[in-house]
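Here is the structure we will look at.
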Amino acid sequence: MNSFGRAVRRWLAGPAVGLLALATAGCVQPFNLGAPTTRALQSGAAGSLDGSSSFELAGTYSQSSKAWTIDLKQLRGEGRHVTVSSADASLEAVVVGDKAYFRGQQFLSQHMGTDPLSRSLVRAAGSAWWKGDAGTLPAMPDFTDGTRMEAAFLGPVVTQRFDHLSEGGVAAVNLSGPRADVFIAADPPYRLLRVHLKQGAAIDGVIDADLRYSNFGTAFSIAAPTDVIDFSNLTTLPPIYTVVAVDTTRCASPCVVGAMLKNLGGMNGAKAPSTVTFNMTDSASGQALGSCSSVVAPDVGYNATTTVACTISAASANSAIVTATPDNPGRG
């Protein structure tokens, strides 16, 4: 064999030895041989949402210039349990069929009016569950529906693939595109692990989303709560007494004052009885002259009236003003 032939033989042998050494060191096959196909990863990710009986999604996102934390437990065909919270409010929701139930006094307060009745309703509701519209919850179908997730983040929009990663302690592959990094388990059944939106990407009205998926196939306990407030039926609320009139005709020495009250709520569920506080002030100086309070008992039903009275330790109400202020503790 001439010198040129020997040189070619050495050149061919060199890369083969190098590739063998690379494949042996760390047990990684050359050219990513043996790794799952991109198509298999995409199908597995979509199937983990559409085919699993349940899953949990948890993470953060921003919407309407506010940062939120979300934890969603989805039980396919049976219901959802969702908790979302921001720096100044939190909302817990249970959705069963076409019915939705909520609780979260701060969130309710932010979405009710500023008039006295609305404020009374917020306080009466307390931390109780109330019926509401499921449309209040963030709609995130591109993150919870496998077919839509695949269309939004996978398929033709994938521009890069990164193998041999770890996500939450699980071997993972990142299929990356202009909208998001999608992390998928590297082993069958190739479940979806994480979706992290790229900066500037807006999907389902949210931005900066970083969501992790877990608990596939877990039998979550999701059921409609009991003892629920229905704001369209105020009889389901605790008592909400308002003052109809103040009576000072018996204010002499001692000064007996009274008030007629009307209940705009129901009769059950209050953490404590309602009370009415009477305050007497001098009409000229505004100086406090005395006060007393009375418990409303027994409660009366929706739209019914009742009276309360108590005695103020003051000589006369001839030159004074008497006011009555109800306190309705509402639900615990």
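The values are calculated or read from the model by the stated rules, or taken from the named source; none is laboratory data. In this text, all values refer to a predicted model and were calculated from it rather than measured experimentally. Methodologically, a virtual Cβ is constructed for each residue, glycine included, from the backbone with ideal geometry; neighbour enumeration extends over all protein chains shown. The protein model used for the area step is the full one, side chains on, heavy atoms only, and it has no ligands, DNA or RNA in it. Shrake-Rupley method; radii C 1.70, N 1.55, O 1.52, S 1.80 Å.
Quick notes
- Qualifying residue in the range 233-243 (condition: part of a loop (DSSP other than H, G, I, E, B) and surrounded by fewer than 15 Cβ atoms within 10 Å (Cβ to Cβ)): no
- Restricting the range 75-99 to residues that are open to solvent by 20 Å² or more (accessible area, probe 1.4 Å) and either assigned to a helix (DSSP H, G or I) or touching a Gly at 6+ places or on another chain (Cβ under 8 Å) (or both), the residue that is farthest from S221 (Cα to Cα): S90
- Residue match in the range 159-174 (condition: under 25 Å from D204 (Cα atoms) and outside any strand (DSSP E or B)): yes
- Candidates L197, L192, L154 - the one that is in contact with a helix residue (DSSP H, G or I) (Cβ under 6 Å, 6 or more places away or on another chain), among the hydrophobic types (A, V, I, L, M, F, W, C) and closer than 25 Å to S85 by Cβ: L192
- Within the range 270-287, being surrounded by 13 or more Cβ atoms within 10 Å (Cβ to Cβ) and modelled with pLDDT of 90 or more holds for A270, P273, S274, T275, V276, T277, F278, N279, M280, T281.
- Residue ID - modelled with the highest pLDDT, chosen from residues in the range 305-332 that are in a loop (DSSP other than H, G, I, E, B), open to solvent by 50 Å² or more (accessible area, probe 1.4 Å) and more than 18 Å from A270 (Cα to Cα): S313
- Complete set of residues in the range 196-230 that are modelled with pLDDT of 95 or more, among the hydroxyl-bearing types (S, T, Y), surrounded by fewer than 17 Cβ atoms within 10 Å (Cβ to Cβ) and within 19 Å of the chain's Cα centre (by Cα): S214
Residue-wise test of (1) within 37 Å of the chain's Cα centre (by Cα); (2) more than 14 Å from T325 (Cα to Cα).
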position	(1), (2)
T242	yes, no
D247	no, no
R250	no, yes
G258	no, no
A270	yes, yes
Q287	no, yes
S293	no, no
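- Selected residue (criterion: nearest to the chain's Cα centre (by Cα)) from residues of the range 100-154 that are open to solvent by 40 Å² or more (accessible area, probe 1.4 Å) and hydrophobic (A, V, I, L, M, F, W, C): A139
- Inter-residue pairs, beta-carbon under 6 Å, first at pLDDT 90 or above and in the range 63-91, second surrounded by 19 or more Cβ atoms within 10 Å (Cβ to Cβ) and in a loop (DSSP other than H, G, I, E, B), 6+ apart: S90/G104; L91/G104
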